[in-house]
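The values are calculated or read from the model by the stated rules, or taken from the named source; none is laboratory data. Just so it is clear, the model here is predicted, and its values are computed rather than measured. Don't worry about glycine lacking a Cβ; one is built from the backbone with ideal geometry, like all the others, and counts go over all protein chains shown. Please note that ligands, DNA and RNA were not included when accessible areas were found on the heavy atoms of the full protein model with its side chains. Shrake-Rupley method; radii C 1.70, N 1.55, O 1.52, S 1.80 Å.
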Amino acid sequence: MSAVGGIARDETVATVATLLCDRAGLRGDRALHSRLVRCIAAAAEAAGRDVEDYVASLPGDAGALQQLVDRVTVQESSFFRDAAQFDILAEEVLPSLEAGVIWSAACANGQEPWTLAMVLDEQGRTDCSVLATDISVAALARAAEGRYAERELRGLSPQRRDRYFRKSGTHYEIDPSLRRLVTFGRHNLVARDLPLEASRCRVVFCRNVLIYLTDEEIIRVLDRLAQALMPAGLLFLGYSESLWRLPSRFSLRRIRDTFVYEAGGSAPPVAAPRPASPPAPAIPSRAPDRAAPPVTSERLLEEAGTALVEGDLAAAVVAFRKAAYQHPEDATIALHLAFALDAVGDGAAAKPWFRRALEGIEADPAAHVLDGWSPAEVRRLVQRKLSPPAGGS
Ligand SMILES: C[S@@+](CC[C@H](N)C(=O)[O-])C[C@H]1O[C@@H](n2cnc3c(N)ncnc32)[C@H](O)[C@@H]1O
């Protein structure tokens, strides 16, 4: 009899990565690889099987595959995450929005759809509802349960906590008054069909999920979201994802400091803000190596820009980092590296670069470090990243 659990061989991990890419669109990068090694070992052990047997059974075992998807996907979320987007929804979008559905298309453990329900309730929009979907059935079950430990309530102001939650033992439960506003259902964004309820969709929140998908899937998902949205419907992406360029079915709208995408646009693809040209690169004083000429920071920034446009954030991080080491004083490069690190979920590594960008902006308050943004706006944006507001209101 073979041993239970164990560490999967590289080929085995690659087989599972391919399966997850086919079924869930997940991008097989290095971050996924190390996560997969851990998840496969844990799942095989939980199933009481040797890893190789376990993996061999996955393609024909929908339940086991779903459980692995539940383990592998990242459910990080919070109430009023990127609060400015909810301010805009409440103050700029809802007042003229017709009755319909707001879709939280990767709702994780539910903080996003419940936040949307709170905003609808606060604005008295009883004619709108929230559709909450996710590929993970475990996450959906938690989302629908609407029961959170105190530490999971971050982002909520005390007023909202008191108004929308009831204390139940050590946990907080969503107040029944909000429950009628939200419908939950499993939906894989990579699937060809849209959820039925999305047919009256006016706004989609599809935040912090596209970063996990392959470029091909991102394009197809965006195409379907454009189909789902009523004309002039709006798409909110994750804060850092909103620097991406999207296919021409969306046009970019800037509302206050936030980028939102409008469906039905016929504009050409919106270019992600490219780093402004940096100062002339510092060429090393030693004689250049003929076989391998030094890569200039312009070239690195071009590489990073292309990687961003293609959604390859990991490659963008590498290129921005190299450029930042060549020009540690350049606030624009520091800012782009910070955004890219933030987008791959490495907030801790992003912070020193946000600080460096801020120092550069403060040293030269007139410097334009991000195309389309005034220095004061960039300063506010960076300050928000360095110390996000504690409450959601
Ligand atoms: C980091 S959470 C984002 C939660 C929330 N949108 C937010 O921004 O706080 C990513 C979620 O995407 C879900 N997900 C990953 N791949 C998906 C797919 N192909 N279809 C639908 N959801 C997916 C994961 O299960 C996870 O719950």
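Of the solvent-accessible surface of the chain, computed with a 1.4 Å probe over protein heavy atoms with every protein chain present, carbon and sulfur atoms account for 51 percent. Take each peptide in 359-367, 147-155, count the other Cβ atoms within 10 Å of every residue, and average; sorted highest first, the result is 147-155, 359-367. Using the Cα gyration tensor of the chain, with a ≥ b ≥ c the square roots of its eigenvalues, what is the shape: rounded (a/c below 1.5), prolate (a/b larger than b/c) or oblate (neither)? Here the chain falls in the oblate category. The label point for Thr183 and the one for Glu98, both projected 7 Å from the Cα toward the Cβ, are 1.8 nm apart. Looking at the chain, send over the antiparallel percent of its DSSP beta bridges, to the nearest 5. In the chain, approximately 45 percent of DSSP beta bridges are antiparallel ones. FRET efficiency for the pair Ser374 and Asp53, taken as 1/(1 + (r/R0)^6) with r the Cβ-Cβ distance and R0 = 41 Å, rounds to 0.10. Semi-axes of the equivalent ellipsoid of the stretch 77-187 are 21, 17, 13 Å, computed as sqrt(5λ) over the eigenvalues of the C-alpha gyration tensor in descending order. Please say if the stretch 1-128 is rounded, prolate or oblate, where rounded means a/c under 1.5 for a ≥ b ≥ c the square roots of the C-alpha gyration tensor eigenvalues, and otherwise the choice is prolate for a/b larger than b/c and oblate otherwise? The shape class here is prolate.
Once the 1.4 Å probe is applied to the protein heavy atoms, the chain comes out at 46 Å² accessible per residue.
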